[in-house]
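Read through the structure below, which is laid out as structure tokens, and then see the notes.
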Amino acid sequence: EPSKRWGFWALVLPDGQNPPAKSTLDKLAADWTEAAAKATWVEEPEVQRDNWDEARLRALCAKHGWEFEWMTEDGERRRRAKEVAKLDADSQLAETAKLAARSANSAILSARSAGEVLPDGATTATLPE
């Protein structure tokens, strides 16, 4: 209820600066109060019940595309095992890419030395050293 609201205004100025006139401050306060009274929500906040039951947790997970799982030792163990497996797969993929690059470099070097025509039609004479 607006009649029960109260508060105060404070203006902090650097040392030695003259304060503005009281009428200027009264106008600022009146403009601020008017603007605050006209203010509306861009989007009204959604108020939900306080308790986080399973249905609410599942709805939140579904909304954000998260996987729902109760925190148990087995669940945590499975989650960590998946993370380790993914890291292993990523490192194996990187190692495979390195091997493929080495193999391609070897093929180019052997083609240079043998004077062969490369798959794109280039010959050793056109390859930069």
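Odds and ends about this structure:
- Length gained when the stretch residue 99-residue 85 is fully extended (0.36 nm per residue, less Cα-Cα span): 3.0 nm
- Stretch gain in nm, segment residue 10-residue 76, where the contour uses 0.36 nm per residue and the Cα spacing is subtracted: 18.5 nm
- Residues of segment 8-66: accessible area per residue with a 1.4 Å probe, Å²: 96 Å²
- Distance (nanometres) between label positions extended 7 Å along Cα→Cβ at residue 40 and residue 56: 2.9 nm
- Within the accessible area of segment 3-92 (1.4 Å probe), percent carbon and sulfur: 58 percent
- Low-density loop cleavage sites - trypsin sites (Lys or Arg not before Pro) in segment 2-62, where at most 12 other Cβ are within 10 Å (DSSP): 5, 49
- Cross-link reach list, lysines versus residue 86, counting only Cα pairs under 27 Å and skipping chain neighbours closer than eight places: 63, 98
- Reachable aspartates and glutamates from residue 4, criterion Cα separation under 12 angstrom, eight or more residues apart if same chain: none
The values are calculated or read from the model by the stated rules, or taken from the named source; none is laboratory data. Computed from a predicted model, the values in this text were never measured in an experiment. Backbone-built Cβ (ideal geometry, glycine too); neighbour counts: all protein chains shown. Surface areas here come from the heavy atoms of the whole protein model, side chains and all, with no ligands, DNA or RNA. Shrake-Rupley method; radii C 1.70, N 1.55, O 1.52, S 1.80 Å.
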